[in-house]
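The values are calculated or read from the model by the stated rules, or taken from the named source; none is laboratory data. Keep in mind it's a predicted model, so treat the numbers as computed, not measured. Virtual Cβ from ideal backbone geometry, glycine too; neighbours counted across all protein chains shown.
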Amino acid sequence: MSDAKFSPKSLFAKYITIGNILKIPAAIGTFRGIWDAVNWSAAETDVRNELRQKIAIVGAPNSGKSTLFNTLQGKYRSPVSEKSGSTSDIVETSLGMFTLIDTPGHKKQIQLDEVKQAIAALIVLDGSHPLTQTEIELFASINAFEKPVIVALNKCDLPEYSEELRQTALVMLQTRQVIAISALRGDHILDELVPAIIEISPNAALLIGKAAPVFRSDAAKRLIRNSALITLTAGLEPIPLVDIPIILGAQIRMVLRIAALFGEPISSENAKELITAIAGGLIFRYLGEEAAKAAPFGGDLISGAMAAAGTWSIGMAALAYFENDKKLHTTQLHTLYKNLLASFHSFQNPKDAIDRLV
């Protein structure tokens, strides 16, 4: 995008002309039809299914899988001992709606089967000795599924652990991140491991945020960033109105996910009312996005920027609404939305805004 700021006034003055708007046939009627046709039930079902997904904990025997599992759970459901392979069967339990799978270390195929069904894998390595061939092969097998993988190097509290072991693991596994933790003492779990899980995917962020209230805000911002990027891409579609269902769908699911983080029942009416209350003149913003596409040059970029700005502002206003125990009324939400929109437009381009504001 160009270096010029994409402020609302400059956009409307340059691109949102009467002539451009007239090029959108029956725009208001079309928008209302799209809004009414949005499949709210499908959005609700999608979010409910996401809340049932799993993150699989895997690792070689005696790497500390069960100890980490217990630490994350805050209670002892998985048997732990110094004897290799003490977990004799799959242990499945829930931390709120965040389900962890702890699998027997000596049953590699069982672990792989669990990873196939999970949205991501958390592989635990034993940091008390150099990486073993078994651990390397397990990582390679998991990585072949092309799913997000977090690597934790456990037992950093032991004298046998060294930073050199972590650096060697980075090189041998050819991965970007290996997080040193102590599952027994809880070192680097809340400040490094859990935030890393939030970052690997929006679905993982949803599970973590739902399970642990302390991470709700970080998880919500991860969801907002992802939705803003989706709508930025969708807004680049040059044909007017084609992108509106995608943008609306992304925004609706974003609000439903944020609501779910705060334990709010997934209700289409609640989400619809919240989006309407926050956005206020939603229809005119969408008309502006579509009219911008009629500009001779760069209109699709303007439209994408406006879609991303609107999505980010809706998400951040929704987050503020729930963080304030739903005490913000319609006028406050609309004012907050407009102020957020203005702060987004103060950046040189939408990608910078998304990266720096969320």
TODO: From the list Leu261, Leu256, Leu241, Leu248, pick out the single residue that is modelled with pLDDT under 75 and either under 19 Å from the mean Cα position of the chain (by Cα) or surrounded by fewer than 21 Cβ atoms within 10 Å (Cβ to Cβ) (or both).
DONE: Leu241
Task: Check on Glu137, surrounded by fewer than 22 Cβ atoms within 10 Å (Cβ to Cβ) and at positive phi - done: no
TODO: Identify the single condition in (1) under 24 Å from Gly209 (Cβ atoms); (2) at pLDDT below 60 that Ser268 does not satisfy, given that it satisfies every other one.
DONE: (2)
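Count, please, the residues in segment 174-207 that happen to be in a loop (DSSP other than H, G, I, E, B), within 14 Å of Ile150 (Cβ to Cβ) and in contact with a strand residue (DSSP E or B) (Cβ under 9 Å, 6 or more places away or on another chain).
6
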Open item on the list: Give all pairs with beta carbons closer than 9 Å in which a residue from segment 338-351 that is assigned by TED's automatic domain parsing to the domain that holds Ile230 and more than 15 Å from Arg225 (Cα to Cα) meets a residue that is surrounded by fewer than 18 Cβ atoms within 10 Å (Cβ to Cβ) and charged (D, E, K, R); count only pairs at least 6 apart in sequence or on separate chains.
Closed with: His345/Lys5; Ser346/Lys5; Phe347/Lys5; Phe347/Arg356; Gln348/Asp3; Gln348/Lys5
Task: Test: Ile258 is in contact with a Phe, Trp or Tyr (Cβ under 6 Å, 6 or more places away or on another chain), of a type in the set (A, V, I, L, M, F, W, C) and in a helix (DSSP H, G or I) - done: no
Task: Criterion violated by Pro350 - all others in (1) crowded, with 22+ Cβ neighbours inside 10 Å; (2) of a type outside the set (D, E, K, R); (3) at pLDDT 80 or above satisfied - done: (3)
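Would you please name the residue that is farthest from the chain's Cα centre (by Cα), looking only at residues in segment 151-165 that are more than 11 Å from Leu68 (Cβ to Cβ) and buried (at least 19 other Cβ atoms within 10 Å of the Cβ)?
Residue satisfying both the conditions and the ranking: Tyr161.
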TODO: All but one of (1) among the hydrophobic types (A, V, I, L, M, F, W, C); (2) within 14 Å of Leu173 (Cα to Cα); (3) surrounded by fewer than 17 Cβ atoms within 10 Å (Cβ to Cβ) hold for Ile110, so report the exception by its number.
DONE: (2)
Open item on the list: Criterion first (in contact (Cβ under 8 Å) with a residue 12 or more places away in the chain and either part of a loop (DSSP other than H, G, I, E, B) or over 30 Å from Ser313 (Cα atoms) (or both)) does Asp218 satisfy it?
Closed with: no
Open item on the list: For Thr134, only one of the following conditions fails: (1) part of a loop (DSSP other than H, G, I, E, B); (2) more than 24 Å from Ala204 (Cα to Cα); (3) modelled with pLDDT under 90. What is its number?
Closed with: (1)
TODO: Could you check how many residues of segment 301-358 are in a helix (DSSP H, G or I), more than 21 Å from Pro202 (Cβ to Cβ), within 23 Å of the chain's Cα centre (by Cα) and of a type in the set (D, E, K, R)?
DONE: 0
Open item on the list: Against the definition (under 22 Å from Lys54 (Cα atoms), assigned to a helix (DSSP H, G or I) and in contact with a helix residue (DSSP H, G or I) (Cβ under 9 Å, 6 or more places away or on another chain)), how does Lys210 come out, yes or no?
Closed with: yes
Open item on the list: Looking at Thr168, Thr231, can you tell me which residue is crowded, with 24+ Cβ neighbours inside 10 Å and of a type in the set (Val, Ile, Thr)?
Closed with: Thr231
